[in-house]
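The values are calculated or read from the model by the stated rules, or taken from the named source; none is laboratory data. A quick note: this is a predicted structure, and the numbers were derived from the prediction, not measured. A quick note on method: Cβ atoms are made from the backbone with ideal geometry, for glycine too, and the neighbour counts reach across all protein chains shown. In case anyone asks, the SASA skips ligands and DNA or RNA and just uses the protein heavy atoms, side chains included. Shrake-Rupley method; radii C 1.70, N 1.55, O 1.52, S 1.80 Å.
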Amino acid sequence: MNHSVPDVLPTIRNASQLSPAALDLVKLLALLAMIIDHINTVFLSPALPVMYALGRMAFPLFTLIWAMNVQRTPERLQKRANRLWIWAVITQPVFSLAFWHHQPWWALNILFVFAGVTQLIALQYQHGLKGMFVGYLLLAIMIWPLQQASYGLAGITLAISMATVSGNEKPEVQRLAAITAVLSLICLNGLSHLLDMPAETLLLATLPTLAFPLAVVSFCRKICPEGRKRFMPRNFFYYAYAGHLGIIGLVQSAFG
């Protein structure tokens, strides 16, 4: 990767300059990457390395989009959290069905990461330090069930750090958050295999996790310049996320 740690802060913050159409395109490409990754995990044995590598960019991209939006209207934080909790709960049965033979039944889907961190920010906004303590306690309880299929501590840390970078904190706090985001991205995929399979881990997990999201954001900015309107329906991601998991679960049940 050619970007140094200091370069990451402006990269994340400049993503807020994407046009609505570019943001929708980022979401769409992230969704396609996620679907490719899920198909690779559930239906292909052995899994294809190229599909695995492409799937590594999905969560960082979704986290970037979420972070850009979460603190725009602080007074609506609890409403955002409530919506995410509802969708996370709605999606959990089809998530468990889709990954029935791959993850324990109690493994939580990725929407719980965004719901939990949004709740933390909402509690901090409403109740200060006391609210922040309660929010972190909630996230600590969620780490283990999220670790199985939704990145656990590394995913939560990435979401918190990206939300901090996208917020209105002091420059030094944002720089520290950017460094934390990079470290979280490095830890996100394959860190446990780095000693056993260093070349494969770096090529198929670590580098795609770091480089692919930056490439996608740059690509979307170029082909969807400022002024382009959004082309995806509101809340499309929630329906697409739950829908594709339901289809995967049904297909697996029918032919498995």
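Couple of notes before you dig in:
- Only helices enter this figure: runs of n ≥ 4 DSSP H residues, each worth -39500 (n - 2.57), summed and divided by the residues of the chain, yield -24500 deg cm²/dmol at 222 nm to the nearest 500.
- Candidate cross-link partners of K170 among the aspartates and glutamates, defined by an alpha-carbon separation under 19 Å and a same-chain spacing of 8 or more, comprise D7.
- Mean shadow area of the chain, taken as a quarter of the surface of its Cα convex hull (nm²): 13.9
- Nonpolar atom fraction for segment 121-256, defined as the carbon and sulfur part of the 1.4 Å probe accessible area, stands at 68 percent.
- Solvent-accessible heavy-atom area per residue, rounded to whole Å², over segment 73-164 at 1.4 Å: 49
- Counting Lys and Arg as +1 and Asp and Glu as -1 over every other residue whose Cβ lies under 12 Å from the Cβ of T73, the net charge comes to +3.
- Taken about its Cα centre, the chain carries a charge dipole of about 900 debye when Lys and Arg each add +1 at the Cβ and Asp and Glu each add -1 at the Cβ.
- Kyte-Doolittle mean at least 0.0, axial Cα span of 20 Å or more - DSSP H helices of the chain: 20-43, 77-98, 111-147, 152-166, 171-188, 207-223, 236-255
- Neighbour cut-off at most 11 other Cβ (10 Å), DSSP loop, trypsin sites (Lys or Arg not before Pro), segment 147-242: K229, R234
- With the cut-off at under 14 Å, measuring from each backbone N in segment 15-51 to a point 7 Å along the Cα-to-Cβ line of A215 picks out 30, 33, 50-51.
- Its relative contact order, with pairs defined as Cα atoms under 8 Å and 6+ residues apart, puts the chain at 32 percent.
- Under 18 Å from K27, Cα to Cα: aspartates and glutamates that are on another chain or at least 8 residues apart: D37, E226
- Estimated FRET transfer efficiency (W100, F133; beta-carbon r; R0 45 Å; 0.05): 0.80
- K222 versus L44: modelled label distance in nm, points set 7 Å from Cα along the beta carbon direction: 2.6
- Shape category assigned to segment 129-256 from the gyration tensor of Cα positions, a/c cut at 1.5: rounded
- Considering only alpha-carbon pairs that sit under 8 angstrom and 6 or more positions apart, the relative contact order computed for segment 18-101 is 27 percent.
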